[in-house]
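J.: Just passing along the structure, written as structure tokens.
The values are calculated or read from the model by the stated rules, or taken from the named source; none is laboratory data. Keep in mind that what you see is a predicted model, and the values were worked out from it rather than measured. Every residue, glycine as well, gets a Cβ built from its backbone with ideal geometry; the counts of neighbours run over all protein chains shown.
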Amino acid sequence: MTEITVGILGIGRLGEALAKAVLLHPGISSLRVSRRNAGRVENLVKQDSRVQPTDPEQMIDECDYVILALLPDVARQLLPTLKFEARHHIISAIAEISHTELQALTQGAGSVCRLLALPAIAGGQQTLPMYPHSASAELLFGQHNHLFPTSSEKEFLTLWSTTGILSAVMMVGKVAADWMAAAGIDPKRADSYARILFSEVYGATADGIDHGIEHVSTPGGLNAMTYQYLKDTGCEGHVRDNLQNIFNRLLANNKITPE
């Protein structure tokens, strides 16, 4: 069996999760990770003997597949100093560097693709958009996740824009937890109960978000009251405007002209 050697540049929260996702693949013979963020690197080394901390230059020498989880400015400084060859296949999880710029930064590499991954990828069973289609991404992540190619980079960035609402969803939970605590509920118990509501949302929307809203919003009930209140106060429009602002930022930083 051909050995699969993988390197990850950038071991922040997402880089660590990508490393754990790669290690789910039994065919990975070696995973090289950059040395920064020593605590995360140490944890990975303890968890799996295939993990080895490596300098970027050595990683490029020894790995055929290179995953990028760097900040954009760091990537723009580091990547041009490395020598890529046709055997290298690049998978980027960087939101604000376009496919065209990635090709220029990794000139000589055999293939370049972008992957939209969230930290939950560490456990597998995730839906992962990619642009363009990449056999390399399928190889590394396809066994335990569902990958799908997007038809254009704009479509890819549209999907990426929606990840920007995660903090807003959590803010709703925080408001609920703080309100319960102010009413006398133990703060830890209030926080725990607020988080339970998120699991209820996931289950209720198994057949689609519209179905989930209808399912929980019994006419005249508590959820129907809240839903109508948020609609009447313009919440939908604010969320929609913010998504457009995120999308515009991604287009600008990816140097893609809006239609």
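J.: Inside segment 205-223, can you point out the residues that are of a type outside the set (A, V, I, L, M, F, W, C) and at negative phi?
T.: Matches in segment 205-223: T205, D207, D210, H211, G212, E214, H215, S217, T218, P219, G221, N223.
J.: Under 8 Å between Cβ atoms, at least 6 apart or on separate chains: pull out the pairs that start in segment 234-256 with a residue that is under 13 Å from K154 (Cβ atoms) and in contact (Cβ under 8 Å) with a residue 12 or more places away in the chain and end on any residue that is among the acidic types (D, E) and exposed (fewer than 12 other Cβ atoms within 10 Å of the Cβ).
T.: none
J.: Oh, and also: Tell me which of these V74 doesn't satisfy, since it passes every other one: (1) within 22 Å of F141 (Cα to Cα); (2) surrounded by fewer than 21 Cβ atoms within 10 Å (Cβ to Cβ).
T.: (1)
J.: Still on this structure, please answer the following. Looking at segment 81-104, which of its residues are touching a Phe, Trp or Tyr at 6+ places or on another chain (Cβ under 9 Å) and not small (G, A, S)?
T.: Matches in segment 81-104: H88, H89, I90, I91, H99.
J.: Going by the conditions given, is R13 surrounded by fewer than 22 Cβ atoms within 10 Å (Cβ to Cβ), out of contact with any Pro (no Cβ under 8 Å at 6 or more places or on another chain) and touching a residue at least 24 places away in the same chain (Cβ under 8 Å)?
T.: no
J.: Check S161, S167, S151 and return the single one that is in a loop (DSSP other than H, G, I, E, B) and either in contact with a helix residue (DSSP H, G or I) (Cβ under 8 Å, 6 or more places away or on another chain) or exposed (fewer than 14 other Cβ atoms within 10 Å of the Cβ) (or both).
T.: Of S161, S167, S151, the one residue that is in a loop (DSSP other than H, G, I, E, B) and either in contact with a helix residue (DSSP H, G or I) (Cβ under 8 Å, 6 or more places away or on another chain) or exposed (fewer than 14 other Cβ atoms within 10 Å of the Cβ) (or both) is S151.
J.: Now for a different question. Given V51, V112, which one is free of Cβ contacts under 8 Å to residues at least 24 places away in the same chain, within 20 Å of L31 (Cα to Cα), in contact with a helix residue (DSSP H, G or I) (Cβ under 9 Å, 6 or more places away or on another chain) and assigned by TED's automatic domain parsing to the domain that holds L31?
T.: Only one candidate qualifies: V112.
J.: Next question. Looking only at segment 54-85, which residues are under 18 Å from the mean Cα position of the chain (by Cα) and basic (K, R)?
T.: Result: no residue meets the conditions.
J.: Hey, another quick one. Looking at (1) outside any helix (DSSP H, G or I); (2) touching a helix residue (DSSP H, G or I) at 6+ places or on another chain (Cβ under 8 Å); (3) closer than 30 Å to P258 by Cα, find the lone condition where H133 falls short.
T.: (2)
J.: Another question, then. Can you find even one residue in segment 184-195 that is among the small types (G, A, S) and surrounded by 15 or more Cβ atoms within 10 Å (Cβ to Cβ)?
T.: Yes: one or more hits.
J.: I'm trying to understand the selection: among the residues of segment 136-146, which are surrounded by fewer than 19 Cβ atoms within 10 Å (Cβ to Cβ) and either part of a strand (DSSP E or B) or among the small types (G, A, S) (or both)?
T.: G142, H146
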